[in-house]
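As structure tokens, the structure follows; a few thoughts come after it.
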Amino acid sequence: MKVILKNLTKKFPNRNKKIKEDVVAVDNFDFEIPDGKLIGLLGPSGCGKSTTLNMISGLEKPTSGRIFFGDDDVTDLPAEHRGVGLVFQNYALYPHLTVRQNIIFPLQNLKGDKKMTMDAMNAKADEVAKLVQIGEYMDRRPSELSGGQQQRVAIARALVKTPRVLLLDEPLSNLDARLRLQTREEIKRIQRETGVTTIFVTHDQEEAMSISDMIVVMKDGRLMQMDKPQTVYDDPKNFFVAKFLGTPAINTFDGEVKSEKLYLGDSAVLNVPGVKDGPVYVGIRPEGFIPDENGPMECDLSAVEVMGRDTSIVSTHPAMTVVAIRSIILSENRPDATGNKVRFSLKPYKVLLFDKTTEERIYFDIK
Amino acid sequence: MKKLSSLKGWLYLLPAILFLGFFMVYPLIDVVMYSFEEGYNFASQSHFGYGLYNFKYVLHDPYFLQAVKNTFIIVIITVPLSTGIALLISLGLNSIKPLKELYQTVYFLPYVTNTLAVGLVFMILFKKTAYSEGLVNLLLNSLGMSSVDFIDGPYWAKIFVMCFYTIWVVMPFKILILTSALAGVKKDYYNAARVDGTSKCRIFYKITLPMISPMIFYLVITGFIGAFKAYADEVAIFGTNLNAAGMNTIVGYVYDMLYGNSGGYPSYASAASLILFAIVFTITVINLLISKKNVQY
């Protein structure tokens with residue numbers, strides 16, 4: 001099922017009653033989610049991700065704008081008629097019911113000609129339980145399950161009614177690191193097997209990058225960029241997206257373009273054909289540095305951290321706007337860093353320029 | 001070394017042990033002793049022998065039987081009613097936003113009001129005097145019904161006032177506990193249920209009620225115990241001569257046997273209080289067994 005959001009806006013009245021102006025949680029949101037894809041809604045906390053999800057689920061009413069599932073306008077439909085499955089961050093499994101009772105709970109709500117017999121409900125429950133691999137725990141209570149298992153029960157409960165859209169609110173944040181890795185693969189697999197359009201909210205970029213077909217990056221209720229994970233990383237549309245994605249984070253500098261050359265501090269570090277003169281924000285990905293004795297960029301070396309396959313060189317540069325520059329290189333290319341200076345040349349496609357006022361990306365020709 | 005530290009432990013426990021020993025254990029043993037001492041003479045502090053006569057006497061005393069009957073009626077009527085009404089009010093309080101705090105305060109007022117003061121208010125509401133019929137009677141009259149003497153009149157009227165009063169007095173605490181229990185149910189459960197299209201009724205029976213069931217059982221158990229120990233409320237309405245009013249309770253009977261006009265019989269009082277203990281104990285055990293079966297998490 002395709003999900004389309006049209007000019008979706010949500011305003012909340014300000015808590016501070018003296019301020020008349022409303023708080024805009026989601027601002028003119030406009031995007032289309034293709035059928036059967038897994039979409040990651042990514043953004044820092046408080047950027048309106050969960051509000052967006054709640055509006056899609058119907059728990060929250062948008063201030064303006066429309067929501068479509070396929071061709072159906074569901075904006076005015078109450079949550080129960082939208083056919084969504086919702087998984088909460090803390091799972092919200094009913095503690096007094098067994099796993100089976102939890103899973104069939106939504107089915108027992110069906111009325112009229114949709115009403116199912118107990119046998120049919122149990123069969124359906126067994127089917128989804130098998131899909132999420134919790135078949136052996138059907139008679140346990142949620143408190144007797146691990147976090148990962150509880151998460152899967154929650155997904156099973158959301159899937160049992162064969163929803164048109166599956167929504168996951170921070171599905172992995174309550175799990176420990178190892179389970180998180182496992183569970184996200186699991187979510188991907190379940191999504192592939194069911195083919196249900198899935199939207200999940202996360203503030204963890206790695207999570208979003210690793211399993212999403214598409215990432216929607218949000219900031220302050222506005223859509224920053226929506227694209228395939230790799231594209232969002234390689235080709236960020238603005239400074240925020242560049243800074244938000246990537247671990248270690250992108251190294252940022254205050255730079256200046258003079259006669260199609262990029263200056264960091266006093267030295268020209270890169271040719272940037274086609275860019276007008278003027279100050280710019282510069283972002284260089286950690287993997288964009290090549291240790292080079294004759295390289296144009298000179299940095300003060302702070303530390304060399306060996307991590308096996310990779311080596312990370314921590315250094316400083318007068319023009320930087322981060323605490324330290326971190327560059328990642330393959331360990332075999334590690335320079336003999338004996339002095340307190342290190343020189344780099346740069347990979348042009350890992351250097352990103354942004355306008356100082358609009359923070360929009362400035363493209364240059366890469367030869 | 002080990003011995004020393006265990007001695008130290010006992011030393012720390014000593015104040016509590018002494019205190020509980022003097023004021024709880026010793027009197028308890030004493031009560032049991034009293035209850036078996038036959039023909040105890042208060043003046044000479046002597047008795048003839050030991051036996052079950054005190055129990056036999058108490059169990060055949062019409063005043064005691066009346067007290068047991070009254071107590072049971074109060075328990076059976078007030079505990080379920082007060083808990084049920086408190087639950088309804090809490091649900092209401094939980095679902096409104098404006099004026100919620102005002103209502104909460106209003107509903108809590110009886111809790112901080114003195115029992116006797118409340119009793120006085122009830123007298124004004126219900127008592128017929130030479131000068132006035134009482135507010136309730138005025139109301140009944142205006143509806144075309146004849147006056148009822150609630151304080152000195154027929155038994156059912158007195159029981160009605162008694163139960164009304166008891167419910168009114170115990171309700172604030174129950175509302176307080178239940179509103180906080182309801183507020184403690186995570187919103188996500190309701191949201192999950194809403195997305196799944198659960199009807200309001202089903203949400204209440206399948207989610208809200210089980211979630212707050214531990215608190216409900218707590219209220220029922222303490223409610224039972226409290227109602228079995230009712231006494232002060234009766235005095236507040238019907239005065240100190242409860243036997244004459246036919247409104248005595250078990251605790252009232254115990255008090256009368258000790259200090260009342262027919263007082264000076266600690267043996268009978270002890271026997272009666274042991275009987276009360278047995279009743280409360282049995283009921284509480286039954287309650288706990290039921291709650292273990294139904295409160296499932």
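Using the charge dipole of the stretch A:159-261 (Lys, Arg: +1 at Cβ; Asp, Glu: -1 at Cβ; taken about the Cα centre), state which of A:194, A:211, A:230 has its Cα farthest towards the positive end. Result: A:194, furthest along the dipole toward the positive end.
Highest mobility in the GNM of chain B, judged by mean-square fluctuation with C-alpha springs under 10 Å and restricted to B:92, B:226, B:119, is found for B:92. For residue A:23, nonlocal amide neighbours, meaning residues 5 or more places apart or on other chains whose placed amide H falls under 5 Å from its own, are A:12, A:14. By the helix-only formula, in which each DSSP H run with n ≥ 4 contributes -39500 (n - 2.57) and the sum is divided by residues, the protein assembly as shown has a 222 nm mean residue ellipticity of -14500 deg cm²/dmol. Taking A:148, A:278, A:339 in turn, the Gaussian network model of chain A (Cα-Cα springs below 10 Å) assigns the largest fluctuation to A:339. Since only B:250, B:192, B:289 are under comparison, the one whose Cα sits farthest along the positive direction of the charge dipole of the stretch B:167-297, derived from C-beta charges on Lys, Arg, Asp and Glu, is B:192.
For the protein assembly as shown, the pair-distance distribution built from all alpha carbon pairs, in bins 20 Å wide starting at 0, is 14, 30, 26, 19, 9, 2, 0 percent. Both numbers refer to the Cα atoms of the stretch A:3-243; Rg and Dmax are 18.3, 58 Å. Extending 7 Å from the Cα toward the beta-carbon at both residue A:276 and residue A:45 defines two label points whose distance is 4.1 nm. Take chain B, connect every pair of alpha-carbon atoms lying under 10 Å apart with a spring to form a Gaussian network, then pick out the residue of B:217, B:122, B:42 with the largest mean-square fluctuation. Greatest mean-square fluctuation among the candidates belongs to B:42. Seen from residue A:48, the other residues with C-beta closer than 12 Å to its C-beta sum to a net charge of +2, counting Lys and Arg as +1 and Asp and Glu as -1.
The dipole here belongs to the stretch A:3-243: it is taken about the Cα centre, uses +1 on the Cβ of Lys and Arg and -1 on the Cβ of Asp and Glu, and is about 620 debye.
Counted by neighbouring Cβ atoms within 10 Å, the residues A:320, A:307 run from fewest to most as A:307, A:320. With the cut-off at under 17 Å, measuring from each backbone N in the stretch A:294-325 to a point 7 Å along the Cα-to-Cβ line of residue A:340 picks out A:298-304, A:314-318, A:325. Sequence-ordered 3J(HN,Hα) estimates for the stretch A:79-92 from the Karplus curve with 6.51, -1.76 and 1.60 and θ = phi - 60° stand at 3, 5, 9, 7, x, 10, x, 10, 10, 8, 4, 9, 6, 6 Hz, glycine and proline given as x.
What the Cβ-Cβ distance of residue A:119 and residue B:199 gives, at R0 = 22 Å and to the nearest 0.05, is a FRET efficiency of 0.45. Local charge sum around residue A:280 (other residues, Cβ-Cβ under 13 Å, Lys/Arg +1, Asp/Glu -1)? Taking every other residue near residue A:280 into account, the sum is -2.
For the stretch A:235-336, the set of trypsin sites (Lys or Arg not before Pro) satisfying both a DSSP loop assignment and a count of at most 11 other C-beta atoms within 10 Å is given as A:276, A:309.
Positive end of the dipole of chain B (Cβ unit charges, origin at the Cα centre): among B:175, B:211, B:134, the Cα lying farthest that way belongs to B:211. Convex hull volume per residue, computed on the Cα atoms of the stretch A:1-67, equals 88 Å³. Placing +1 on each Lys and Arg Cβ and -1 on each Asp and Glu Cβ, with no other charges, gives the stretch B:54-294 a dipole about its Cα centre of roughly 1000 debye. A full extension of the chain between residue A:235 and residue A:12 corresponds to an added length of 76.9 nm, given 0.36 nm per residue minus the alpha carbon distance. Between residue A:218 and A:42, A:43, A:224, the built amide H atoms are under 5 Å apart, and every one of these is 5 or more places off in sequence or on another chain. Extension gain for the segment residue A:322 to residue A:267, taken as residue separation times 0.36 nm less the Cα-Cα distance, is 17.9 nm to one decimal.
Label positions at residue B:286 and residue B:113, each projected 7 Å from the Cα along the C-beta direction, are separated by 3.3 nm.
Computed 3J(HN,Hα) for the stretch A:192-206, one whole-Hz value per residue from the Karplus formula 6.51 cos²θ - 1.76 cosθ + 1.60 where θ = phi - 60°, is 4, 5, 8, x, 7, 4, 10, 10, 10, 9, 7, 10, 9, 5, 5, glycine and proline marked x. Across the stretch A:175-186, computed HN-Hα scalar couplings (Karplus, 6.51 cos²θ - 1.76 cosθ + 1.60, θ = phi - 60°) run 9, 7, 3, 5, 5, 4, 4, 5, 5, 5, 4, 4 Hz from first to last residue, x flagging Gly and Pro. Packing around the peptides B:96-109, A:184-197, B:68-81, taken as the average count of other Cβ atoms within 10 Å per residue, puts them in this order, highest first: B:68-81, A:184-197, B:96-109. Applying 1/(1 + (r/R0)^6) with r as the Cβ-Cβ distance of residue A:307 and residue A:111 and R0 = 60 angstrom yields a FRET efficiency of 0.55. For residue B:81 and residue B:185, a Förster radius of 25 Å and the Cβ-Cβ distance give a FRET efficiency of 0.55, rounded to the nearest 0.05. In a reduced charge model with +1 at each Lys and Arg Cβ and -1 at each Asp and Glu Cβ, the protein assembly as shown shows a dipole moment near 880 debye about its Cα centre.
The trypsin sites (Lys or Arg not before Pro) found in the stretch B:121-187 that occupy coil by DSSP, while having at most 15 further C-beta atoms within 10 Å, are B:186.
Values in this text are rule-based calculations from the coordinates and carry no lab data. Keep in mind that this is a model prediction, so the values were computed, not measured. Every residue, glycine among them, receives a Cβ derived from its backbone with ideal geometry; neighbour counts consider all protein chains shown.
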